[in-house]
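The values are calculated or read from the model by the stated rules, or taken from the named source; none is laboratory data. Since this is a predicted model, take the numbers as computed values, not measurements. A quick note on method: Cβ atoms are made from the backbone with ideal geometry, for glycine too, and the neighbour counts reach across all protein chains shown. Quick note on the areas: whole protein, heavy atoms, side chains included, nothing else; ligands and nucleic acids left out. Shrake-Rupley method; radii C 1.70, N 1.55, O 1.52, S 1.80 Å.
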Amino acid sequence: LTLTISRDLLMNTKVKNWHIVFIYDKDQSVGRVLWGICTQDMASRFSVGDYVCTSRIIEIIPKENLVKTFSGNAYLVEGDGKKSQIQVQDFELLRGGLSPDEISFLTEEQKMELVKLRFSDLESQKSH
């Protein structure tokens, strides 16, 4: 008896325009995450067109186009993707919705301003 499990049953979310993002603390790799644009989400966490930034990647299964994360989610990557890298201090920008490509174009000064804006937005939401 052979049991075959469809990859659609394994994955929660499909993404396009995806990046495997290597996160560095100076020159030391501290992990990888998946960043992409949602095309389907069976768990109803994301809407189509939302960006997705995952928890740490624990496994990539290239022949299945699957990426599994530390939080137990599985993502089906569609089309071609990229490998990108960011510094750990830029991770909040990635989590906040900027793509790895957008982050790479920002100066350090612009990054600091965006982080300040993000935290001031969070503070104003807490006071309401």
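Out of the residues in region 1-34 meeting the condition of being hydrophobic (A, V, I, L, M, F, W, C) and within 20 Å of residue 80 (Cβ to Cβ), tell me which one is modelled with the lowest pLDDT.
Here the answer is 11.
Among (1) surrounded by 15 or more Cβ atoms within 10 Å (Cβ to Cβ); (2) at pLDDT below 95, where does residue 52 come up short?
With respect to (1) surrounded by 15 or more Cβ atoms within 10 Å (Cβ to Cβ); (2) at pLDDT below 95, residue 52 is out only on (2).
When you look at residue 44, is it in a loop (DSSP other than H, G, I, E, B), open to solvent by 40 Å² or more (accessible area, probe 1.4 Å) and out of contact with any strand residue (DSSP E or B) (no Cβ under 9 Å at 6 or more places or on another chain), yes or no?
Yes, satisfied.
With the requirement that a residue be hydrophobic (A, V, I, L, M, F, W, C), surrounded by 16 or more Cβ atoms within 10 Å (Cβ to Cβ) and farther than 26 Å from residue 13 by Cα, what does region 65-124 give you?
Answer for region 65-124, where residues must be hydrophobic (A, V, I, L, M, F, W, C), surrounded by 16 or more Cβ atoms within 10 Å (Cβ to Cβ) and farther than 26 Å from residue 13 by Cα: just 114.
Give all pairs with beta carbons closer than 8 Å in which a residue from region 86-107 that is free of Cβ contacts under 8 Å to residues at least 60 places away in the same chain meets a residue that is among the acidic types (Asp, Glu) and surrounded by 20 or more Cβ atoms within 10 Å (Cβ to Cβ); count only pairs at least 6 apart in sequence or on separate chains.
Filtered contacts from region 86-107: 103/90.
With the requirement that a residue be free of Cβ contacts under 8 Å to residues at least 60 places away in the same chain and among the β-branched types (Val, Ile, Thr), what does region 60-85 give you? Working first, answer last.
First, the residues of region 60-85 that are free of Cβ contacts under 8 Å to residues at least 60 places away in the same chain: 60-72, 80.
Result: 60, 61, 67, 69.
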